[in-house]
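The values are calculated or read from the model by the stated rules, or taken from the named source; none is laboratory data. Keep in mind that what you see is a predicted model, and the values were worked out from it rather than measured. FYI the Cβ positions are ideal-geometry reconstructions off the backbone, even for glycines, and counts take in every protein chain you see. Keep in mind that these areas ignore ligands, DNA and RNA; they rest on the heavy atoms of the full protein, side chains included. Shrake-Rupley method; radii C 1.70, N 1.55, O 1.52, S 1.80 Å.
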Amino acid sequence: MATFGGDVSLGDNVRDFSLGDRIVVPHHVACGKCALCRRGNETLCTVFRENLLAPGGFSDYVLVRERAVRLAARRIPNHVSDSAAVFLEPAACVLRGLRNSGLANTPPDLTPSGCVVVLGAGSMGLLHVLVLRAWRPDIHVVACDPVEERRQKALELGAQTACEPEAARAIVDQASSALGADALFDTVGGQKVLDFGLGLTREGGTVVLFAHAPTGDIANFDLNSLFKYERRVIGTYSGGLVDQHEIFDQICTGRLDASPLVTHELPLTEFAHGVDLVRDREALKVLFSADV
């Protein structure tokens, strides 16, 4: 085990890692054996939400608990940067949502034009753009955000189109031959955004809820628009072992490089400053490093 205060060592039964290895590991890991895990619902496993990093990710020294070491820790190859590897866990969350949307079906739930919308071009919305480009480069990705700077960033990262919410209907119609989006990924959250998203999807399309809604927010839309036109609204939470495995492979092969989302690199001693940068929307992602 690692003893906090500078005395670092491996656990007694750790065989796959050595001191000095760079590793990447998620903080939530399912058991892989229960009924929920066996049915593909790993993120609903009763032990999944247990934090397996102690005391936490922003500590000089971190103890990685046994289940995370055994099932989910990965050695980072020399050619992969820290700023690319740190996106394993959030990108796996995104990939799970993409799979649940129907885009992974055979054949995929796509119109001939293949159009999807990402609502919100903050850090997680932009990560959706990057994972979509790595996973399904044939799909037309529309990024929708009211902030021009974020729309420009989405275009730089691979979105074919970026627009303000007011222009979204016309843009989606143009990209989808007036059918509507095959899938829409809501990275903003809330009842109003859900209503807006449903209005952009095609008949048979899917809205994926990726973001938390405000506490107590209640959905309020015409149920018949869902029922008659076979639309779907699904929630997606976190990422499982299968998602993490695929994302790690994409990172190692270079298909997915989310490092452009890191706008600031700071020492851990400037943690409060980094948090302020994100809160004030002066940073997308801040990468902290510790001198240990």
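Out of all the residues in the stretch 120-144, which are open to solvent by less than 10 Å² (accessible area, probe 1.4 Å) and either in contact with a strand residue (DSSP E or B) (Cβ under 7 Å, 6 or more places away or on another chain) or polar (S, T, N, Q) (or both)?
Ala121, Gly125, His128, Val129, Leu132, Ile139, Val141, Val142, Ala143, Cys144
Would you pick out the residues in the stretch 253-267 that are open to solvent by 30 Å² or more (accessible area, probe 1.4 Å) and not small (Gly, Ala, Ser)?
Scanning the stretch 253-267 gives Thr253, Arg255, Asp257, Pro260, Thr263, His264, Glu265, Pro267.
Per-residue answers, yes or no, for (1) within 16 Å of the chain's Cα centre (by Cα); (2) in contact (Cβ under 8 Å) with a residue 60 or more places away in the chain; (3) open to solvent by 50 Å² or more (accessible area, probe 1.4 Å):
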site	(1), (2), (3)
Glu164	no, no, yes
Ser177	no, yes, yes
Gln191	no, no, no
Thr206	no, yes, no
Pro214	no, no, yes
Asp217	no, no, yes
Leu226	no, no, no
Ser238	yes, yes, no
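Please enumerate the residues belonging to the stretch 128-147 that are charged (D, E, K, R) and closer than 14 Å to Ala168 by Cα.
The answer is Asp145, and nothing else.
So that you can scan it fast, the table gives a plain yes or no per residue for (1) among the β-branched types (Val, Ile, Thr); (2) out of contact with any Pro (no Cβ under 8 Å at 6 or more places or on another chain); (3) over 28 Å from Gly125 (Cα atoms):
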{"position": "Leu19", "(1), (2), (3)": "no, yes, yes"}
{"position": "Val24", "(1), (2), (3)": "yes, yes, no"}
{"position": "Cys34", "(1), (2), (3)": "no, yes, yes"}
{"position": "Glu42", "(1), (2), (3)": "no, yes, no"}
{"position": "Leu53", "(1), (2), (3)": "no, yes, no"}
{"position": "Tyr61", "(1), (2), (3)": "no, yes, yes"}
{"position": "Val69", "(1), (2), (3)": "yes, yes, yes"}
{"position": "Arg75", "(1), (2), (3)": "no, yes, no"}
{"position": "Asn78", "(1), (2), (3)": "no, yes, yes"}
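Going through Arg279, Arg255 one at a time, which residue ends up being closer than 30 Å to Arg39 by Cα and charged (D, E, K, R)?
Unique residue meeting the criteria: Arg255.
If we keep just the residues of the stretch 166-175 that are without any contact (Cβ under 8 Å) to a residue 40 or more places away in the chain and not charged (D, E, K, R), which is most open to solvent (accessible area, probe 1.4 Å)?
So the residue we want is Gln174.
Here is a list: Leu36, Leu88, Leu95, Leu71. Which entry is surrounded by 15 or more Cβ atoms within 10 Å (Cβ to Cβ), touching a helix residue (DSSP H, G or I) at 6+ places or on another chain (Cβ under 9 Å) and free of Cβ contacts under 8 Å to residues at least 60 places away in the same chain?
The match here is Leu36.
Count, please, the residues in the stretch 18-30 that happen to be in contact (Cβ under 8 Å) with a residue 12 or more places away in the chain and open to solvent by 40 Å² or more (accessible area, probe 1.4 Å).
Looking only at that region, the number is 4.
From the list Ile247, Ile234, pick out the single residue that is in contact with a helix residue (DSSP H, G or I) (Cβ under 7 Å, 6 or more places away or on another chain) and either more than 23 Å from Val25 (Cα to Cα) or among the acidic types (Asp, Glu) (or both).
Among Ile247, Ile234, only Ile234 is in contact with a helix residue (DSSP H, G or I) (Cβ under 7 Å, 6 or more places away or on another chain) and either more than 23 Å from Val25 (Cα to Cα) or among the acidic types (Asp, Glu) (or both).
Kindly provide the set of residues from the stretch 148-181 that are acidic (Asp, Glu) and more than 15 Å from Val129 (Cα to Cα), ordered by number.
Glu148, Glu149, Glu164, Glu166, Asp173, listed by residue number.
Among Asp257, Asp276, which is the only one that is closer than 28 Å to Val24 by Cβ and either under 16 Å from the mean Cα position of the chain (by Cα) or small (Gly, Ala, Ser) (or both)?
Answer to the check: Asp257.
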